[in-house]
Amino acid sequence: MIPYIAWFDYAGVALFAATGALTASRKQLDIMGFFFLAILTGVGGGTVRDLILDVPVFWVQQQAYLVVCMATAVGVYFTAHLVESRYHVLLWLDAVALSVYAVVGAHKGLQLTGSPFVAIMTGAMTGTLGGILRDVLAGEPNAVTHKEIYITATVLGAASYVVMRMAGFPVFADAAIGGLVAFTARAGAIRFGWAMPPYRSRPGRPADMP
Amino acid sequence: MIPYIAWFDYAGVALFAATGALTASRKQLDIMGFFFLAILTGVGGGTVRDLILDVPVFWVQQQAYLVVCMATAVGVYFTAHLVESRYHVLLWLDAVALSVYAVVGAHKGLQLTGSPFVAIMTGAMTGTLGGILRDVLAGEPNAVTHKEIYITATVLGAASYVVMRMAGFPVFADAAIGGLVAFTARAGAIRFGWAMPPYRSRPGRPADMP
Amino acid sequence: MIPYIAWFDYAGVALFAATGALTASRKQLDIMGFFFLAILTGVGGGTVRDLILDVPVFWVQQQAYLVVCMATAVGVYFTAHLVESRYHVLLWLDAVALSVYAVVGAHKGLQLTGSPFVAIMTGAMTGTLGGILRDVLAGEPNAVTHKEIYITATVLGAASYVVMRMAGFPVFADAAIGGLVAFTARAGAIRFGWAMPPYRSRPGRPADMP
């Protein structure tokens, strides 16, 4: 893996792990609950991606990822009380994490299959599934039913990365732009409520009035 | 794959994708939510099946499946308001989808392992898991707790296909009969409330009365 | 696989299958619901473990596991009414199952990767995921949010097994001790409410009082 991307990868895992640990703190779990949710959220999306792409699961190969998740969990365990609104922090960490991870997922998908389409899929998948798993297991509403932009941000980020990559720009620029696009979309959603038009049921064909 | 079955496969994916998109319309999601639920429901069951059978995931190989899901999502997005009761349509589409997909799953399981037992498992799994994933993520009650026949329909359909296949009938007949059996069982459940006897706790061994 | 462990493995699958079937009985499902939850709970954790370790899924290779699940489901279907408190039985069966399965998972992880760290992960994963899947699909609160010791028990059991195994003790002793440690921890949780200190939000740094 290209070194830039490897850093992105560790950062994404740590950020998602932090959101898992914050969820554990909001649920008042014990330290093992922190570890569990940190690891599940941190490596969940990437694990599904690797299974689907039929490559060895990344954290079985590189156990440093698990150490990163656990260290993050410990860090959150001892510092979460210092922040004013843990929900707020969780929301923003999640935004950064999904931006980073959408790029990493797109990169891995493109490298392994050469297909831009699959790359966008693996980007979106990697960016969202960890958080969805976290929310389903913690019994919270998950990203699928978010009204504001969420999945869309990962798709935009992954697509930007893929387009720039195929246009031949250097990987670092592609990753930076991809991450920035995803983050901007999600940040707008959090800060200003950016949303795509929701589906609204329109009335059926009206009966002819006499 | 035998051509008949390939058609069944695309049909099953499209039908399940339509149920995902209809769920998105009932939840008033945006177009990306339609894509997400259409793809998840459309290819979810088959993805788990392929991972368990240790073959390449079908949609990574044939991206046309993703295109089918997305086209279906767009179609539903622009037409869902025309139908009277979207829930009704969802229920019946789901019935057709599980029938088709139980057969496809059984076919793939039988072809790859030669075991009728595993084939019935993969048939039932492929026919139900996409819908279960859809319902869990959308926060709706899932098939496991349905009172009327549901999982049973996929098992009957898959079993019929497997029995006829092993008896040497032509694949087209096997698939048609298998699909028909599953659909009949599920249709009876929707239309007439067909159900297998539920477990009822009976009183324990009564104490000897004096 | 070493014969002792193979017995543990079948026992773990049967015990988890029994908890799935008991959940089905509490939800008043039909016999197919019993089969579904018995199989899902019985082989779910091990299936995820095998996918992640990139080895053939155990029940595709050895269909006897499915037969064990189904036989257990039938047994529970016909006897569950005899027990006073099915919830109580479910709780204790689950405790034995997770103890047995934590050891089996750790054994398989250690054998395949040689890494004690991954072995503890696969032990904890195998011991908890089947039950978590069962609870999510049945719409019950899952292990992640348990206040008493649960995940911790599988981690302790798996870690004990791994430490003893690496210290060169005979496999039988390692497995027995590992299982006993896990069971003791979980039994204490059920019987005496053993719990690790939960995370409590402490007030932030107080403002200097004048």
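The values are calculated or read from the model by the stated rules, or taken from the named source; none is laboratory data. Quick caveat, the model's predicted, so the values are computed rather than measured. Positions of Cβ are generated from backbone atoms using ideal geometry, with glycine treated the same way; all protein chains shown enter the neighbour counts. Surface areas here come from the heavy atoms of the whole protein model, side chains and all, with no ligands, DNA or RNA. Shrake-Rupley method; radii C 1.70, N 1.55, O 1.52, S 1.80 Å.
Numbers below:
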quantity: Surface per residue (accessible, 1.4 Å probe) for chain C, Å²; calculated: 40 Å²
quantity: Gyration tensor (alpha-carbon) shape descriptor, chain C, a/c threshold 1.5; calculated: oblate
quantity: Distance from region A:169-184 to region B:38-84 (C-alpha centre basis), Å; calculated: 28 Å
quantity: Net dipole in debye of the protein assembly as shown [+1 Lys, Arg Cβ; -1 Asp, Glu Cβ; about Cα centre; nearest 20]; calculated: 820 debye
quantity: The protein assembly as shown - mean residue ellipticity at 222 nm from DSSP helices (-39,500 (n - 2.57) per run, n ≥ 4, rounded to 500); calculated: -25500 deg cm²/dmol
quantity: Alpha-carbon Debye profile of the protein assembly as shown, log10 I(q)/I(0) at 0.07 Å⁻¹; calculated: -0.44
quantity: Given charges at Cβ of Lys, Arg, Asp, Glu: region C:3-192 dipole, positive-most of C:Gly109, C:Gly157, C:Val55; calculated: C:Gly157
quantity: Average beta-carbon neighbours from other chains, 10 Å sphere, peptide C:132-143; calculated: 3
quantity: Portion, in percent, of the accessible area of region B:64-107 that falls on carbon or sulfur, probe 1.4 Å; calculated: 73 percent
quantity: GNM flexibility winner over chain C from C:Pro116, C:Pro141, C:Pro197 (Cα, springs under 10 Å); calculated: C:Pro197
quantity: Relative contact order for region A:62-167, counting Cα pairs under 8 Å that sit 6 or more residues apart, in percent; calculated: 25 percent
quantity: Calculated diffusion of region B:1-81, Stokes-Einstein form, Kirkwood radius summed over Cα pairs, 4 °C and 1.567 mPa s, µm²/s; calculated: 102 µm²/s
quantity: Gaussian network model of chain B, Cα within-10 Å springs - most flexible of B:Gly45, B:Gly127, B:Gly33; calculated: B:Gly33
quantity: Helix runs (DSSP H) in chain C reaching 24 Å along axis by Cα, Kyte-Doolittle at least 0.5; calculated: C:3-26, C:31-53, C:86-113, C:116-138, C:171-192
quantity: 11 Å beta-carbon shell around C:Leu91, net charge (K/R +1, D/E -1); calculated: +1
quantity: FRET E, pair A:Leu82, B:Val74, Förster distance 51 Å, beta-carbon r, rounded to 0.05; calculated: 0.60
quantity: In the C-A interface, the accessible area buried, summed over both sides, Å² (probe 1.4 Å); calculated: 2600 Å²
quantity: Threshold 40 Å², region C:79-123 residues less accessible with all protein chains present than alone (1.4 Å probe); calculated: C:His81, C:Phe117, C:Val118, C:Met121
quantity: Chain-alone versus full-assembly comparison, region B:21-43, residues with accessible loss of at least 50 Å² (1.4 Å probe); calculated: B:Gln28, B:Leu29, B:Asp30, B:Met32, B:Phe36
quantity: Candidates B:Ala119, B:Ala189, B:Ala102: whichever shows maximal mean-square fluctuation once chain B is modelled as a Gaussian network with Cα springs under 10 Å; calculated: B:Ala189
quantity: Formal net charge of residues neighbouring A:Phe192 (Cβ-Cβ distance under 14 Å; K, R +1; D, E -1); calculated: +2
